[in-house]
Amino acid sequence: ALTIGIVGLPNVGKSTLFNALTQNDALAANYPFATIEPNVGVVNLPDARLDKLAEIFGSERILPAPVSFVDIAGIVRGASEGEGLGNQFLANIREADAIAQVVRGFSDPDVVHVDGAVDPASDMETINTELIIADMQTLDKALVRLEKELKNRKIDASVVETAKDARAALDEGRVLSHAGLDLEPIRELGLLTAKPFLYVFNVDEGVLQDRARLDELAALVAPAKAIFLDAKIESELTELDAEDAAELLASIGQEESGLDQLARVGFDTLGLQTYLTAGPKEARAWTIKKGATAPQAAGAIHTDFEKGFIKGEIISFEDLVEAGSVAEARAKGKARMEGKDYIMQDGDVCEWRFNV
Ligand code: GDP
């Protein structure tokens with residue numbers, strides 16, 4: 001499964017947030033037999049459509065899509081120099097598929113800030129600079145090799161050109177995910193700043209209702225997405241039942257927990273979407289890449305479904321709810337038979353036909 005690496009300076013609330021991530025019960029539900037590393041946390045992608053499907057089908061249980069996070073400790077100024085923790089940090093971050101950067105916005109004077117003052121813009125710059133320097137080093141090494149390979153006609157000129165363009169963007173202090181380059185030719189280099197980024201601002205609860213301040217912070221990171229939460233409240237929320245949690249959220253003017261937002265935005269940042277299946281046993285969301293075809297989607301359930309794919313009977317969630325049952329949706333002509341070229345749409349409720 002694709003994972004999102006959580007990074008950030010010391011004392012910004014990463015552990016607090018991560019504890020909330022590991023205390024929710026998504027993990028046990030989705031990976032009952034797996035051994036999960038202590039630095040992995042999983043949250044469910046919130047999806048109210050599953051409740052509705054479970055109602056229509058009388059499903060015994062609901063299985064939302066899991067979103068996995070890895071806690072990547074240890075970034076400090078100078079991490080890119082690769083000493084001690086720095087090396088480990090870079091190796092861990094290389095394995096993540098997207099990066100969620102936790103940025104301190106809370107003011108608590110009892111919690112020391114590593115650079116002496118709470119300054120989100122400067123914190124982000126510190127971290128991004130380390131990642132940019134690490135990528136510069138990777139590119140400089142790679143360019144020596146790539147130039148040779150080009151001379152020996154082992155690779156296309158576009159590879160070297162892309163590497164040079166990327167190097168130039170880094171020189172300007174830009175992270176590659178937002179440099180407007182097609183990085184496909186140098187994908188194998190695993191550049192850190194080429195990964196999709198999202199930012200998690202850990203702010204005081206009062207700030208969560210201060211639209212102007214939130215817009216200001218969001219503008220700092222655009223076009224990357226920003227989410228806002230209070231890590232302390234998130235860890236309290238995981239200890240409450242649904243009703244009390246909703247009450248606490250309402251008391252701070254929020255409709256959705258920070259973890260739910262993190263799951264949603266993280267999932268989207270990874271380039272993923274879901275489709276739905278339902279029956280008497282379970283109503284379930286399956287994870288696929290955006291733009292996946294019907295056979296690829298069926299393959300998310302079992303590789304045999306993809307290999308032996310014939311077609312899928314697909315009803316959009318809205319049509320199904322309006323019809324009230326699969327039979328009624330069919331009668332109204334709302335059930336479509338889709339073949340192997342069909343591109344999956346958000347809210348597709350599917351039943352696959354395949355050869356075994
Ligand atoms: P890490 O070093 O980034 O993992 O940070 P921690 O999660 O250990 O948090 C550092 C300190 O800040 C701890 O004492 C936390 O209790 C505190 N802290 C974390 N999040 C918040 C927050 O949202 N508000 C306040 N006031 N304190 C927080």
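Bear in mind these aren't lab numbers, they're just calculated from the coordinates by the rules spelled out. Here the structure is a predicted model, which is why all the values come from computation and not from measurement. All Cβ positions, glycine included, derive from the backbone under ideal geometry; neighbour counts span all protein chains shown.
Just a few scattered comments:
- The set of residues from the stretch 227-256 being in a helix (DSSP H, G or I) and more than 17 Å from residue 106 (Cβ to Cβ) comprises 242, 243, 244, 245, 246, 247, 248, 249, 250, 251.
- Subset of the stretch 197-213 [more than 16 Å from the ligand (Cβ to nearest atom) and crowded, with 20+ Cβ neighbours inside 10 Å]: 197, 198
- Cross-chain or 6+ apart pairs with Cβ under 8 Å, the stretch 203-220 first and under 17 Å from residue 12 (Cα atoms), then within 15 Å of the ligand (Cβ to nearest atom) and of a type in the set (S, T, N, Q): 204/107; 208/254
- Just one residue in the set 100, 134 is surrounded by 12 or more Cβ atoms within 10 Å (Cβ to Cβ), more than 15 Å from the ligand (Cβ to nearest atom) and in contact (Cβ under 8 Å) with a residue 24 or more places away in the chain; that residue is 134.
- All conditions but one from (1) within 30 Å of residue 13 (Cβ to Cβ); (2) surrounded by 13 or more Cβ atoms within 10 Å (Cβ to Cβ) apply to residue 169; the one that does not is (1).
- Taken over the stretch 294-322, the residue count meeting the criterion of being more than 21 Å from the chain's Cα centre (by Cα), surrounded by 15 or more Cβ atoms within 10 Å (Cβ to Cβ) and farther than 11 Å from residue 352 by Cα is 6.
- Remark: pairs (first residue in the stretch 1-17, near the ligand (Cβ under 6 Å from one of its atoms); second residue basic (Lys, Arg); Cβ separation under 8 Å; 6+ apart in sequence or on different chains) = 8/14; 8/104; 11/104; 12/104; 13/104; 13/232; 16/232.
- Sole exception among (1) in contact with an Asp or Glu (Cβ under 6 Å, 6 or more places away or on another chain); (2) surrounded by fewer than 18 Cβ atoms within 10 Å (Cβ to Cβ) for residue 192, by number: (2)
- If you check 170, 259 for being within 16 Å of the ligand (Cβ to nearest atom), touching a helix residue (DSSP H, G or I) at 6+ places or on another chain (Cβ under 9 Å) and assigned to a helix (DSSP H, G or I), only one passes: 259.
- Flag if residue 119 is touching a His at 6+ places or on another chain (Cβ under 9 Å) and without any contact (Cβ under 8 Å) to a residue 60 or more places away in the chain: yes
- Residues of the stretch 103-123 satisfying the condition of being aliphatic (A, V, I, L, M) and surrounded by fewer than 22 Cβ atoms within 10 Å (Cβ to Cβ): 111, 112, 114, 117, 118, 121
- Residues considered: 161, 216, 234. Of these, the only one that is more than 20 Å from the chain's Cα centre (by Cα) and surrounded by 13 or more Cβ atoms within 10 Å (Cβ to Cβ) is 161.
- Checking residue 215 against (1) in a helix (DSSP H, G or I); (2) acidic (Asp, Glu); (3) within 21 Å of residue 263 (Cβ to Cβ), the condition it does not meet: (3)
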